[in-house]
1. Does region 82-103 include one or more residues that are away from the ligand (no atom under 11 Å from the Cβ), surrounded by fewer than 15 Cβ atoms within 10 Å (Cβ to Cβ) and in a helix (DSSP H, G or I)?
2. Can you run down the residue pairs with Cβ atoms below 9 Å, 6 or more apart or on separate chains, where the first is in region 105-126 and farther than 12 Å from Gln87 by Cβ and open to solvent by less than 20 Å² (accessible area, probe 1.4 Å) and the partner is assigned to a helix (DSSP H, G or I) and within 16 Å of the ligand (Cβ to nearest atom)?
3. Please go through region 104-142 and pick out each residue that is near the ligand (Cβ under 6 Å from one of its atoms) and either of a type in the set (D, E, K, R) or part of a strand (DSSP E or B) (or both).
4. Which residues, counting only those in region 20-31, are touching a residue at least 60 places away in the same chain (Cβ under 8 Å) and crowded, with 19+ Cβ neighbours inside 10 Å?
5. Does region 16-23 include one or more residues that are in contact with a Gly (Cβ under 8 Å, 6 or more places away or on another chain), modelled with pLDDT of 95 or more and near the ligand (Cβ under 10 Å from one of its atoms)?
6. Just wondering, is there one or more residues in region 34-46 that are open to solvent by less than 70 Å² (accessible area, probe 1.4 Å), within 11 Å of the ligand (Cβ to nearest atom) and either at pLDDT 95 or above or at negative phi (or both)?
Amino acid sequence: MPDPLIRRLTPADAAPLRQLRLDALRETPEAFGSSYEEEHTLTLDDIRAWVATDIENAMFGVFIDGALAGMAGVGRQHKLKMRHKAQIWSVYMAPAARGRGLARQLMLAAIDHAGGMRGVRQLQLSVTAGNLAARALYESLGFAEYGMEPEGLCVNGVLHDERLMTLRLAGD
Ligand SMILES: CC(C)(COP(=O)(O)OP(=O)(O)OC[C@H]1O[C@@H](n2cnc3c(N)ncnc32)[C@H](O)[C@@H]1OP(=O)(O)O)[C@@H](O)C(=O)NCCC(=O)NCCS
């Protein structure tokens, strides 16, 4: 069996990306700020815009036997005073593919990509306090907590604290 392939997603990946994103929102709604209800109406053109060839926004995917099984996104802040920061988003591995180090590889690809954005000095993300697997992943990559938003997410009536994390990049 060939090794899983990690690569940057392109507009040609829109259909499986849309499916994986909806699977993620359904399976672990408390792990994401967006919801299935908001995103199931997104069209393939909407999804293509997420992965247009733009150095400042990128999504990486892992393919197992040719099928998209995981993803991680990174996007630079737009406002002039915040362009030194980029955000990690949409980190997800399909359940059957977990525990093989693939989310770590996706995150390393996203971090490496952010490192290539001239002037970006830090990566930020937020993670639900109870999501111990994701928190351990981010900590193992060097992310450090800089704050906590109490009751930052309300998912199906349940309130979740959000841990805010940052990774300093070397900058230029
Ligand atoms: C969090 C998630 C992306 C991890 O994916 P994965 O491919 O299983 O992770 P990896 O195999 O690359 O593991 C990398 C590290 O993550 C941590 N980790 C992963 N699964 C873990 C678990 N069940 N318990 C504790 N730590 C875990 C460990 O530090 C691990 O390193 P190690 O294997 O050297 O101990 C996956 O569980 C997932 O998709 N969860 C649902 C969605 C989600 O929570 N997304 C994050 C939103 S912020």
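1. yes
2. Cβ pairs passing all conditions: Met107/Leu137; Met107/Tyr138.
3. Arg104, Val127
4. Leu20, Arg21, Ala24, Ala31 - these are the residues of region 20-31 that are touching a residue at least 60 places away in the same chain (Cβ under 8 Å) and crowded, with 19+ Cβ neighbours inside 10 Å.
5. Within region 16-23, none of the residues are in contact with a Gly (Cβ under 8 Å, 6 or more places away or on another chain), modelled with pLDDT of 95 or more and near the ligand (Cβ under 10 Å from one of its atoms).
6. no
The values are calculated or read from the model by the stated rules, or taken from the named source; none is laboratory data. Not measured: the values here are computed from a predicted model. Glycine also receives a Cβ, built like all others from the backbone with ideal geometry; neighbour counts cover every protein chain displayed. The area values use the complete protein model at the heavy-atom level, side chains included, leaving out ligands, DNA and RNA. Shrake-Rupley method; radii C 1.70, N 1.55, O 1.52, S 1.80 Å.
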